[in-house]
Amino acid sequence: MALTTYNKKRNFKETSEPKGKSEKKNLFRFVVQRHDASRLHYDFRLELGGVLKSWAVPKGPSMNPADKRLAVMVEDHPVSYIGFEGNIPEGNYGAGTVEVWDAGVYFPVNEDLEKIPGQQALKDLDKGELKFFLKGSKLEGGFVLVRFKKDDKNWLLIKHKDEYAVNKKYDSEQFSKAALKKTVKARKKVSSK
């Protein structure tokens, strides 16, 4: 998807989101943004091919390999979106609050470092299966994005079984700023009694 789709969906006179421009460098960064819009979801983005390849993950990513999270591919976002946080005003596409939930770097598993960076990852993405290793503050280790057969938009985001995996229920919301604020508020309430 080109950034023209991203730009057409936004009114930059009303939103503080960055305008869409492709980048030449690929630093293999990733970001997960908690997006409290009409429905709460998490936007999973990989820097690849001069843009952020993007998926909306309704339940958020999981560190438990038993969880196969639906990831709906959305329009490419500009690389400058990687640090975006803020409020998208009512009446605009994606209206709601965006916060960076996790960020870091990733390494495509099948990438040949002797060739053009990202070239193999783009081919793997086109084939419908991209394996990568994440190094973030919350997400770490091996993951795979697998596209549904005969469906360009719907994918699964799956954690690999490795030393970083957890074998218990994983709720992304427990690690959000909103959850942290609730915990701090509850502790203050208890300590003031």
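Read the figures in this text as sums done on the coordinates, not as results from a lab. These numbers were taken from a predicted model, which means no experiment stands behind them. Cβ: placed from backbone, ideal geometry, glycine included. Neighbour counts: every protein chain shown.
The table below lists the values:
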{"item": "Calculated diffusion of the range 1-106, Stokes-Einstein form, Kirkwood radius summed over Cα pairs, 20 °C and 1.002 mPa s, µm²/s", "result": "153"}
{"item": "Ranking of THR97, THR5 by count of other Cβ atoms within 10 Å, fewest first", "result": "THR5, THR97"}
{"item": "Spacing of the two label points (7 Å from each Cα toward its C-beta) at GLN119 and SER38, in nm", "result": "4.2"}
{"item": "Label corresponding to Cα extents along the principal axes in Å when calculated from the structure given, among (1) 53, 40, 28; (2) 63, 46, 31; (3) 45, 40, 36", "result": "(2)"}
{"item": "Pairs beyond 18 Å (Cα-Cα), from LYS59/LYS135; LYS127/LYS161; LYS59/LYS168; LYS53/LYS131", "result": "LYS59/LYS135; LYS127/LYS161"}
{"item": "Prolate/oblate/rounded call for the range 4-43, Cα gyration tensor, a/c under 1.5 rounded", "result": "oblate"}
